[in-house]
Ligand SMILES: Nc1nc2c(c(=O)[nH]1)N[C@H]1C(S)=C(S)[C@@H](COP(=O)(O)OP(=O)(O)OC[C@H]3O[C@@H](n4cnc5c(=O)[nH]c(N)nc54)[C@H](O)[C@@H]3O)O[C@H]1N2
Ligand SMILES: Nc1nc2c(c(=O)[nH]1)N[C@H]1C(S)=C(S)[C@@H](COP(=O)(O)OP(=O)(O)OC[C@H]3O[C@@H](n4cnc5c(=O)[nH]c(N)nc54)[C@H](O)[C@@H]3O)O[C@H]1N2
Ligand SMILES: [Mo]
């Protein structure tokens, strides 16, 4: 299984979790190939085989009753990225709109960072990955590309070979931090204060690009006043950093030429996560970094695909647009499934492309919901995940080798074509086919419930938007991938143009609430602070998993090794913990068993563990998210996953 060497971003390399997709997934002996019906207790994992026809008929009968007695909003769909294809991700959208189901707010990955950057820049697409090569001062702010984005790391290494300095800002000594020229290790969730402190130094030492500020930003007077409270001295108190380091970072960054800041998702999972992104996004406008190729801010690229593809068949059909169905944020799934106040309560739950029993916060509450006898749960999957174990019906989904799709990218301007290489194995069917079959069984006749996968792919590419110029279904089918037809040199803000032609970068905006990015820490109760003195981070340090994907595969779990809790030596000593000891990590929401690692990868007062491990395969039956809580971020509706406090004991 090889990636094309001529692809400018992936350049012939695949990451460990995808390199053996056919053997790890499609032909895996553990793959689900037959529909299953539960015969044991919920969660027990006991099922018998059932035919597609019979299972769909039984679900139809139950749904008709739920809709009649409780209404469409008693049905909750739950899905996320899956194989990242537009067609299989969009599966079910029209079906659920049509029956008036509760809508899912899918914002756990990027919602906050997007809201923050939008508030400042009006768009998130900044510097593109290949232009990193031109950067000379690279700041990776809360992201760990050595593990989470290896192709980007390859480009970063090339830039370093040309003399770029690499700074990593992360409360955890990640694999990336270990390789940096300078690892700055603030306390978790204090990035907004750090960014405002850097602005203080830049403005006080007159390191700004005044001409750029005057021409292309609004609110410099308000910002200047606002940052008076964020002197290096004040910021040192908040972040736990040295004053001298804060000043040095501000000076080096302002003089860096070109200077690039990369933010992704790690930064946003804090109560103050959106404000952090909002404040960081101001920095390149203040220094004029945007004027140079490779200078500015780098985040996601989804806007480019919006300006390229024709989403007509995936968008909500016109006649359903006015339906204002209830929305539930995926982050608060546990609450949604267990709340006594929800009217109507959720009685049918459809899951695909996601494994929420592992990946959503407040795991024990999610599980409590999944255990409800009066909840009809349907899961479409490749494997019997921790979520699927609670299903009443499990359906075998096709893998990327067996279905049509079109993949956009989360951080590059490349499109990928996905043509089936083989017929679906066993009785697997695409997510989309499940909803077509269910629509038919329910007697629905609307055309938009029956678009074929191939129709959707063709229609996505049937676009006269400029960025798709020269790319057609036929051409993409031949090449397999294509770069969007964007300008040769992608320098979006050399002359302002924030969000729209002539748009300004908003340092302060009276039209938004709050009008300016401010550091507002999460207010833990005194009891929380006393009982659970350690701040817990749950990160994607799992190189061999994609969130919880592959964490059931022995080959990958073996490579990953034991899940460790990183703890500072002072905190370990206080608790009589030695390196390698078995630990119980706990708080009011749950407990997780881990092995102690005392390598000072975290500061005193902070502990860190990997996310992604399946609870069913862990001692004690819980993993990272048993400790996290379902608090939403300040803006954008993402999860403040890293606002978790715990205590640790040796067991
Ligand atoms: N191997 C592997 N690769 C992956 C994934 C995976 O599970 N495994 N998942 C994919 C997905 S879905 C995503 S969204 C991306 C995410 O990619 P990243 O954003 O790079 O990954 P994270 O581990 O979420 O966070 C990165 C770093 O943010 C740090 N961090 C936590 N809190 C704070 C804070 O308050 N301030 C700062 N400055 N840093 C903080 C963490 O310690 C962590 O080292 O990775 C993708 N790639
Ligand atoms: N504590 C903590 N929690 C986190 C994070 C964190 O950093 N810390 N990160 C968060 C982030 S950024 C994200 S993106 C979420 C991810 O959360 P999830 O979306 O739940 O991610 P995965 O664990 O990758 O689960 C994807 C599932 O979809 C299945 N799948 C893949 N392709 C298909 C398909 O075509 N059809 C069907 N039916 N199924 C398919 C896979 O087998 C897998 O079980 O987790 C979040 N949770
Ligand atoms: Mo994510």
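The values are calculated or read from the model by the stated rules, or taken from the named source; none is laboratory data. Predicted, not measured: the structure shown is a model, and the values here were computed from it. When we count neighbours, we look across all protein chains shown, and the Cβ atoms used for this are built from the backbone with ideal geometry, even at glycine.
Please go through region 49-84 and give me each residue that is farther than 22 Å from residue 358 by Cα and either within 16 Å of ligand 1 (Cβ to nearest atom) or in contact with a strand residue (DSSP E or B) (Cβ under 7 Å, 6 or more places away or on another chain) (or both), ordered by number. Even if it seems obvious, please write down each step before you answer.
First, pick out the residues of region 49-84 that are farther than 22 Å from residue 358 by Cα: 49-74.
Hits for region 49-84 are 49, 50, 55, 59, 62, 63, 66, 74.
This table checks each residue for (1) outside any loop (DSSP other than H, G, I, E, B); (2) surrounded by fewer than 19 Cβ atoms within 10 Å (Cβ to Cβ); (3) under 26 Å from the mean Cα position of the chain (by Cα).
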{"position": "519", "(1), (2), (3)": "no, no, yes"}
{"position": "529", "(1), (2), (3)": "yes, yes, no"}
{"position": "537", "(1), (2), (3)": "yes, no, yes"}
{"position": "558", "(1), (2), (3)": "yes, yes, yes"}
Taking first residues from region 92-112 that are under 27 Å from residue 124 (Cβ atoms) and touching a residue at least 24 places away in the same chain (Cβ under 8 Å) and second residues anywhere that are within 12 Å of ligand 1 (Cβ to nearest atom) and assigned to a loop (DSSP other than H, G, I, E, B), the pairs with Cβ under 6 Å that are 6 or more apart or on different chains are 107/638; 108/638; 109/265; 111/638; 112/268; 112/633; 112/638
Can you find even one residue in region 131-139 that is away from ligand 1 (no atom under 15 Å from the Cβ) and in contact with a strand residue (DSSP E or B) (Cβ under 6 Å, 6 or more places away or on another chain)?
-> yes
Answer yes or no as to whether residue 341 is more than 13 Å from ligand 2 (Cβ to nearest atom) and farther than 27 Å from residue 636 by Cβ.
-> no
Scan 215, 206, 225 and give me the residue that is without any contact (Cβ under 8 Å) to a residue 12 or more places away in the chain and in a helix (DSSP H, G or I).
-> 225
Residue that is within 16 Å of ligand 2 (Cβ to nearest atom), within 30 Å of residue 309 (Cβ to Cβ) and surrounded by fewer than 21 Cβ atoms within 10 Å (Cβ to Cβ), where the choices are 92, 81, 85 = 81
How many residues of region 386-400 are farther than 26 Å from residue 73 by Cβ and either without any contact (Cβ under 8 Å) to a residue 24 or more places away in the chain or part of a loop (DSSP other than H, G, I, E, B) (or both)? The answer is 4
Evaluate region 240-251: report whether one residue or more is surrounded by 20 or more Cβ atoms within 10 Å (Cβ to Cβ) and either modelled with pLDDT under 95 or under 25 Å from the mean Cα position of the chain (by Cα) (or both).
-> no
Please name all residue pairs, on different chains or six or more residues apart, with Cβ atoms under 8 Å, provided the first residue is in region 545-559 and is without any contact (Cβ under 8 Å) to a residue 24 or more places away in the chain and more than 17 Å from residue 358 (Cα to Cα) and the second residue is away from ligand 3 (no atom under 16 Å from the Cβ) and part of a helix (DSSP H, G or I).
-> none
Within region 146-204, work out how many residues are over 20 Å from the mean Cα position of the chain (by Cα) and on the phi > 0 side of the Ramachandran plot.
-> 1
Helices (runs of 4 or more DSSP H) (entirely within region 269-379) containing at least 2 residues that are within 16 Å of ligand 3 (Cβ to nearest atom) and farther than 20 Å from residue 73 by Cβ = 273-280, 356-359
Check on residue 177, surrounded by 22 or more Cβ atoms within 10 Å (Cβ to Cβ), in contact with a strand residue (DSSP E or B) (Cβ under 7 Å, 6 or more places away or on another chain) and in contact (Cβ under 8 Å) with a residue 12 or more places away in the chain | yes
Which residues, taken from region 51-78, are in contact with a helix residue (DSSP H, G or I) (Cβ under 7 Å, 6 or more places away or on another chain) and away from ligand 2 (no atom under 16 Å from the Cβ)?
-> 57, 60, 66, 67, 72, 74, 75
Conditions: (1) at negative phi; (2) touching a helix residue (DSSP H, G or I) at 6+ places or on another chain (Cβ under 6 Å); (3) modelled with pLDDT of 95 or more. Residue 9 meets all but one. Number of the miss?
-> (3)
Which of the residues that make up region 382-402 are under 22 Å from residue 24 (Cα atoms), surrounded by fewer than 24 Cβ atoms within 10 Å (Cβ to Cβ) and touching a strand residue (DSSP E or B) at 6+ places or on another chain (Cβ under 8 Å)?
-> 382, 384, 396, 400
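With within 27 Å of residue 267 (Cβ to Cβ), surrounded by fewer than 24 Cβ atoms within 10 Å (Cβ to Cβ) and in contact with a helix residue (DSSP H, G or I) (Cβ under 8 Å, 6 or more places away or on another chain) as the only criterion, which of 282, 300 stands out? Show your work before the answer.
Working: 282 fails: surrounded by fewer than 24 Cβ atoms within 10 Å (Cβ to Cβ).
Exactly one of 282, 300 is within 27 Å of residue 267 (Cβ to Cβ), surrounded by fewer than 24 Cβ atoms within 10 Å (Cβ to Cβ) and in contact with a helix residue (DSSP H, G or I) (Cβ under 8 Å, 6 or more places away or on another chain), namely 300.
Answer yes if at least one residue in region 386-399 is modelled with pLDDT of 95 or more and within 16 Å of ligand 1 (Cβ to nearest atom), and no otherwise. If you could, list the steps in order and put the result at the bottom.
Restricting attention to region 386-399, the residues satisfying the condition of being modelled with pLDDT of 95 or more are 386-399.
With within 16 Å of ligand 1 (Cβ to nearest atom) added as a condition, the list becomes 386.
Yes, that holds for at least one residue.
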Reported set for region 584-611 where residues are farther than 24 Å from residue 544 by Cβ and either buried (at least 18 other Cβ atoms within 10 Å of the Cβ) or within 25 Å of the chain's Cα centre (by Cα) (or both) is 586, 587, 589, 590, 591, 603, 606
Do any strands (runs of 3 or more DSSP E) entirely within region 401-504 hold 2 or more residues that are touching a helix residue (DSSP H, G or I) at 6+ places or on another chain (Cβ under 8 Å), and if so, which?
-> 405-407, 414-418
Taking residue 266 as meeting all but one of (1) within 16 Å of ligand 1 (Cβ to nearest atom); (2) in contact with a strand residue (DSSP E or B) (Cβ under 9 Å, 6 or more places away or on another chain); (3) within 22 Å of residue 492 (Cα to Cα), write down the number of the exception.
-> (3)
Return the total of residues in region 590-649 being within 16 Å of ligand 3 (Cβ to nearest atom) and either assigned to a loop (DSSP other than H, G, I, E, B) or at pLDDT below 95 (or both).
-> 10
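Looking at the structure I just gave you, is residue 640 more than 12 Å from ligand 1 (Cβ to nearest atom), under 24 Å from residue 332 (Cβ atoms) and buried (at least 24 other Cβ atoms within 10 Å of the Cβ)?
Details: more than 12 Å from ligand 1 (Cβ to nearest atom): no; under 24 Å from residue 332 (Cβ atoms): yes; buried (at least 24 other Cβ atoms within 10 Å of the Cβ): yes.
Answer is no for this residue.
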Kindly indicate which of 569, 591 is without any contact (Cβ under 8 Å) to a residue 60 or more places away in the chain and closer than 23 Å to residue 629 by Cα.
-> 591
